[in-house]
Amino acid sequence: MKNNEQLDFSTMLATSIHDMKNSLAMVLQSIEDLDLADNLTTTQHKSVSNLHYQTSRINSTLMQLLALYREEKNNCP
């Protein structure tokens with residue numbers, strides 16, 4: 001960011017979204033590790049799978065929001 005640019009709301013929001021996305025990635029890894037446990041029942045595995053799906057869905061949405069932000073700021077790779 002250049003010195004003369006102000007930190008606007010969209011930049012603060014994008015920073016928060018990026019942080020949430022990174023945290024969700026860690027949660028997803030924990031969910032995947034949990035799903036590998038041998039002592040889970042079929043019902044528990046199904047619950048873990050549903051949790052993984054929903055967490056992945058939220059993570060994907062956050063990545064889409066960040067891509068839109070970067071496109072708006074002409075900062076896409």
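Results, tabulated for the structure shown:
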read-out	value
Range of Cα positions in the stretch 33-77 per principal axis (Å), largest first	49, 14, 8
Per residue solvent-accessible surface (Å²) - the chain, probe of 1.4 Å	80 Å²
Computed label-point distance, nm, for sites Arg70 and Lys46 using a 7 Å Cα→Cβ extension	3.9 nm
Cα-Cα pairs of the chain separated by more than 15 Å (percent)	64 percent
By average C-beta atoms within 10 angstrom, highest first, the peptides 18-28, 39-49	18-28, 39-49
Percent carbon-and-sulfur accessible area, the chain, ignoring ligands, DNA and RNA, probe 1.4 Å	56 percent
Inter-site label distance for Thr11 and Ile58 at 7 Å from Cα along Cβ, in nm	2.8 nm
Angle in degrees between helix 42-72 and the longest Cα principal axis of the chain, rounded to the nearest 10	10 degrees
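The values are calculated or read from the model by the stated rules, or taken from the named source; none is laboratory data. All of these numbers come straight from a predicted model, not from anything done at the bench. Cβ atoms come from the backbone with ideal geometry, glycine included; neighbour counts cover every protein chain shown. These area figures cover heavy atoms from the full protein model, side chains too; ligands, DNA and RNA do not enter into them. Shrake-Rupley method; radii C 1.70, N 1.55, O 1.52, S 1.80 Å.
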